[in-house]
1. In the neighborhood of Y13, defined by Cβ-to-Cβ distances under 14 Å, what is the net charge if each Lys or Arg adds +1 and each Asp or Glu adds -1?
2. Which GluC sites (Glu not before Pro) does segment 4-58 hold that lie in a coil by DSSP with at most 14 other beta carbons within 10 Å?
3. Quick one: net charge around N48, please, counting Lys, Arg +1 and Asp, Glu -1 for every other residue with C-beta under 13 Å from its C-beta.
4. Which trypsin sites (Lys or Arg not before Pro) in segment 1-41 pass both tests, a DSSP loop state and at most 10 other beta-carbon atoms within 10 Å?
Amino acid sequence: MALEVRVTCSSVYLTIGNAHLKEMESLLLRIVKPPGNRQIGRFIRCENLQHRFARDIKSLMREELSVRARVREKRTKLMVSGSRSCQSEVLPKNWARH
């Protein structure tokens, strides 16, 4: 059984030195996924960034919520005191007024 491959376009990448040859080979094998290849190369000093990314997003969301809570608290204090003319100074420009 012959495997027929048609190449429509190709690229050539030249590198200087062979310091990252193993990583490039691993990347190439992950992209191409040749039949019969059971080995999946690992990258040197690689780490899963999914947990770090999720933690950073949660941190940013908490920070934004705390800012909005402080703004809402200031807005409520101004409304209670009867000084509605100062509201525009306290609220951010993109804050939706209800």
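Bear in mind these aren't lab numbers, they're just calculated from the coordinates by the rules spelled out. Note that the coordinates shown come from a computational prediction; the quantities given were computed from them, not determined experimentally. Virtual Cβ from ideal backbone geometry, glycine too; neighbours counted across all protein chains shown.
1. -2
2. Those satisfying the criteria are E4, E47.
3. After counting each charged neighbour, the total is +3.
4. For trypsin sites (Lys or Arg not before Pro) across segment 1-41 that sit outside H, G, I, E and B with at most 10 neighbouring Cβ atoms in 10 Å, the list reads R6, R38.
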